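To keep things clear, I will list the structure first and then write my remarks on it.
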Amino acid sequence: MDGELCIVQIDGKDEGYGKPDGGVFGVYNDRGEQIIPLVYEDIENDGYGNDMLFKVKKAGKLGLLSANGSLLTEPLYSKIDCSDGACIVTLENQQSSTTKYGVIDANSGKVLIPIRYDYMEKDYGSSTYIISNNNKFGVIDNTGNTLLKPKYTYIKSAGLYDNKDIYLANIYGSTKDNGYGMEVEGGNWGVINKNGDTLTPFKFKEIEFENDSILQVLDLDGYAYLMQLDRKSTRLNSSH
């Protein structure tokens, strides 16, 4: 789209801490033409150039508009987090104190994955999502098909460059959301792939990848090892 776009606010009370409180927001281009009317409680841009979207707030809920002002989805959601052409959306029910997650298409607003999960995060670098229901974690693809059934205490991507379908998984532990992500306490860690195959047994206090084939592990007795994915290991030292 030609020209620069500017988010505009009128009214509101400036307390000297950045964006004034209150008022209404809209978007204009550099020719003074209105792209989005001044009717929203807040507007934030997401992305750049032809991929730019606007998250708009009305009646305390968020919706999505395209860079030309076209409505992609009505303000329905508590949160919207977009990346790679898709957006994780959140619905919060204050009466039941529950939060549910799903995915919509960033270009059309179409629901890609229904809003039914207790937790969801994008597995960046792949086309999968880590999800949770009833305090158990699993993995789904970008169409909502189940790859790993929710049966683990926690799952996180191994973060490998070549092996995108490998995950670190925990059993027997407990999780809590500390506001910045999931925090895991206790339990045993192992390595699985998206087919559910166990690549490294669940018998470690801590585990992480040194590179695509070598792991650093701490066993239940407090001994540290380097371990290959073929389960050969070399004892390095003891924490005792």
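Based on what the data block shows, is T73 open to solvent by less than 40 Å² (accessible area, probe 1.4 Å), in contact with a Lys or Arg (Cβ under 7 Å, 6 or more places away or on another chain) and of a type in the set (S, T, N, Q)? When the stated conditions are applied, T73 does not pass them. In the condition set (1) open to solvent by less than 50 Å² (accessible area, probe 1.4 Å); (2) in contact (Cβ under 8 Å) with a residue 12 or more places away in the chain; (3) not aromatic (F, W, Y), I7 is compliant with all but (1). Under the condition of being exposed (fewer than 11 other Cβ atoms within 10 Å of the Cβ) and either under 14 Å from N68 (Cα atoms) or of a type in the set (A, V, I, L, M, F, W, C) (or both), the residues counted in region 11-30 number 1.
Checking each residue in region 146-170 for being among the β-branched types (V, I, T) and within 17 Å of L215 (Cβ to Cβ) picks out I155, I166. The set of residues in region 179-195 that are open to solvent by 30 Å² or more (accessible area, probe 1.4 Å) and small (G, A, S) comprises G179, G186. For region 88-144, the candidate set comprises residues that are surrounded by fewer than 19 Cβ atoms within 10 Å (Cβ to Cβ) and among the β-branched types (V, I, T); within that set, the residue that is farthest from Y77 (Cα to Cα) is T143.
Identify, please: which residue in region 202-230 is in contact (Cβ under 8 Å) with a residue 12 or more places away in the chain and of a type in the set (S, T, Y) and is, among those, surrounded by the fewest Cβ atoms within 10 Å (Cβ to Cβ)? The qualifying residue surrounded by the fewest Cβ atoms within 10 Å (Cβ to Cβ) is S213.
Restricting attention to region 145-154, the residues that are open to solvent by less than 80 Å² (accessible area, probe 1.4 Å) and touching a Lys or Arg at 6+ places or on another chain (Cβ under 7 Å) total 4. Of the numbered criteria (1) more than 26 Å from N193 (Cα to Cα); (2) out of contact with any strand residue (DSSP E or B) (no Cβ under 6 Å at 6 or more places or on another chain), the one D105 fails is (2). When you scan region 125-140, do you find a residue that is within 12 Å of the chain's Cα centre (by Cα) and closer than 30 Å to Y40 by Cβ, even just one? Checked region 125-140: at least one residue is within 12 Å of the chain's Cα centre (by Cα) and closer than 30 Å to Y40 by Cβ. The criterion of at least 3 residues that are over 19 Å from N107 (Cβ atoms) is met by the following strands (runs of 3 or more DSSP E) wholly inside region 29-89: 34-40.
Does region 157-173 include one or more residues that are of a type in the set (K, R), free of Cβ contacts under 8 Å to residues at least 60 places away in the same chain and either open to solvent by less than 30 Å² (accessible area, probe 1.4 Å) or in contact with a Ser or Thr (Cβ under 6 Å, 6 or more places away or on another chain) (or both)? Yes, the conditions are met somewhere in region 157-173.
Within region 215-234, restricting attention to residues that are in a strand (DSSP E or B) and over 16 Å from V191 (Cβ atoms), the residue that is modelled with the lowest pLDDT is T234.
The values are calculated or read from the model by the stated rules, or taken from the named source; none is laboratory data. Note that the coordinates shown come from a computational prediction; the quantities given were computed from them, not determined experimentally. With ideal geometry, Cβ positions are generated from the backbone for all residues, glycine too; neighbour counts draw on all protein chains shown. Note: areas computed on protein heavy atoms with side chains; ligands, DNA, RNA excluded. Shrake-Rupley method; radii C 1.70, N 1.55, O 1.52, S 1.80 Å.
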